[in-house]
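The values are calculated or read from the model by the stated rules, or taken from the named source; none is laboratory data. Please read these numbers as outputs of a predicted model, since none were measured by experiment. All Cβ positions, glycine included, derive from the backbone under ideal geometry; neighbour counts span all protein chains shown. Quick note on the areas: whole protein, heavy atoms, side chains included, nothing else; ligands and nucleic acids left out. Shrake-Rupley method; radii C 1.70, N 1.55, O 1.52, S 1.80 Å.
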Amino acid sequence: MKFAIITGASKGLGESIAKRLLQEQITVISVSRTENKQLSKLAMEKGIDYKHISCNLSLEKEIQEVFMEVAHCIFEKNPTEILLFNNAGVIEPIQKVGNLDQTPIIRNIKVNLIAPILITNLFLSNAHLTNTKVTVINVTSGAAVRSIEGWSVYCSSKAGLNMFTQTAAIEQAELKTDNTIIGFSPGVMDTNMQETIRSSSKDAFNELDKFKEYKEKNLLLETDAVASALVNLVLRGNPESGKVYHIKELLNP
Ligand SMILES: NC(=O)c1ccc[n+]([C@@H]2O[C@H](COP(=O)([O-])OP(=O)(O)OC[C@H]3O[C@@H](n4cnc5c(N)ncnc54)[C@H](OP(=O)(O)O)[C@@H]3O)[C@@H](O)[C@H]2O)c1
């Protein structure tokens, strides 16, 4: 039996990944601060196990407590494979360096980078002890490889996530495990994160007009289509460990 853990499944891309996995009859554990009731309804209709666990991923003590418990519950069921989607993310602070406040800087790095590192470490440790296959999907961004003025913290956290992904994959290959760890860059999607971007100030973010135009011209990707392409890759595409996939190559192979 396969289990999936998805961080940030309450909305946006995470919600679409959860819906798609439930349709694939895979047990889903959703972790975020708020609960999406539609997911439990869908799981009930499909007769699939689903659980939401509340956790603030900017608090490392909560991460440790919640994921120790999640790992314990899953690994003792002898799963055939565990899929870990480190999807939760925050864009803020949108501001130029020199005008940044300390609290959102630290929150961004904790949610976007430290949480995926802590959770992946915990799951790979349990995978090693129990000989269970784990596939980790770290949701990154084009901003990891392109400097965007006003997004220095976001660019840095996602660049760090790419490097963590690639390094952990090399280590797993060296250890000759079955585990796979990939990055996934989903493209510009119509989610709350884009609303936050559009509500930023032009002084802080030079590309504001371009991002407003994406919405006006209907150029934003739908999360269901992005999630579908990702889940197909993970379940049937034999993903290459260490690679950072971009949605473009999955939609236009
Ligand atoms: N949208 C885009 O255009 C775009 C482009 C490139 C990459 N991405 C990446 O794609 C991923 C999903 O983004 P999205 O656009 O779907 O974002 P979104 O709609 O803003 O959703 C963000 C998710 O992260 C969770 N989250 C945020 N802070 C959290 C915290 N402190 N603790 C626990 N959960 C937290 C939220 O859950 P709660 O609020 O319930 O806690 C929510 O489920 C992110 O990693 C993002 O960086 C997005």
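Of the residues making up the range 122-146, those that are over 18 Å from PRO79 (Cα atoms), surrounded by fewer than 24 Cβ atoms within 10 Å (Cβ to Cβ) and either among the aliphatic types (A, V, I, L, M) or more than 16 Å from the ligand (Cβ to nearest atom) (or both) number 3. Listed conditions (1) farther than 12 Å from TYR154 by Cα; (2) open to solvent by 30 Å² or more (accessible area, probe 1.4 Å); (3) assigned to a helix (DSSP H, G or I) are all met by ILE106, apart from (1).
ARG236 fulfils the conditions (1) within 21 Å of GLN23 (Cβ to Cβ); (2) open to solvent by less than 50 Å² (accessible area, probe 1.4 Å); (3) over 15 Å from the mean Cα position of the chain (by Cα) except for a single criterion, (2). If you go through the range 216-253 and keep only what is in contact with a helix residue (DSSP H, G or I) (Cβ under 6 Å, 6 or more places away or on another chain) and of a type in the set (Val, Ile, Thr), you end up with THR223, VAL226, VAL231, VAL244, ILE247. Residues in the range 198-213 that are open to solvent by less than 40 Å² (accessible area, probe 1.4 Å) and in a helix (DSSP H, G or I): LEU208, PHE211.
Answer with yes or no whether SER40 is touching a His at 6+ places or on another chain (Cβ under 9 Å) and surrounded by fewer than 21 Cβ atoms within 10 Å (Cβ to Cβ).
yes
Take GLU216 and tell me if it is open to solvent by 60 Å² or more (accessible area, probe 1.4 Å) and touching an Asp or Glu at 6+ places or on another chain (Cβ under 7 Å). It is false that GLU216 is open to solvent by 60 Å² or more (accessible area, probe 1.4 Å) and touching an Asp or Glu at 6+ places or on another chain (Cβ under 7 Å).
Of all residues in the range 218-234, those that are within 18 Å of GLU249 (Cβ to Cβ) and within 11 Å of the ligand (Cβ to nearest atom) have Cβ atoms under 6 Å from Cβ atoms of residues that are aromatic (Phe, Trp, Tyr) and outside any loop (DSSP other than H, G, I, E, B), 6 or more apart or on another chain, in LEU230/PHE184.
GLU195 falls short on exactly one of the conditions (1) within 15 Å of the ligand (Cβ to nearest atom); (2) under 16 Å from SER141 (Cα atoms); (3) of a type in the set (D, E, K, R); (4) surrounded by fewer than 19 Cβ atoms within 10 Å (Cβ to Cβ), and that condition is (2). Among the residues of the range 49-67, none qualifies, meaning not one is of a type in the set (Lys, Arg), open to solvent by 80 Å² or more (accessible area, probe 1.4 Å) and more than 16 Å from the ligand (Cβ to nearest atom).
Selection of first residues in the range 74-102 that are farther than 20 Å from SER241 by Cα and at pLDDT 95 or above and of second residues that are open to solvent by 70 Å² or more (accessible area, probe 1.4 Å) and among the hydroxyl-bearing types (Ser, Thr, Tyr), restricted to Cβ pairs under 6 Å at least 6 apart or on distinct chains, gives an empty result.
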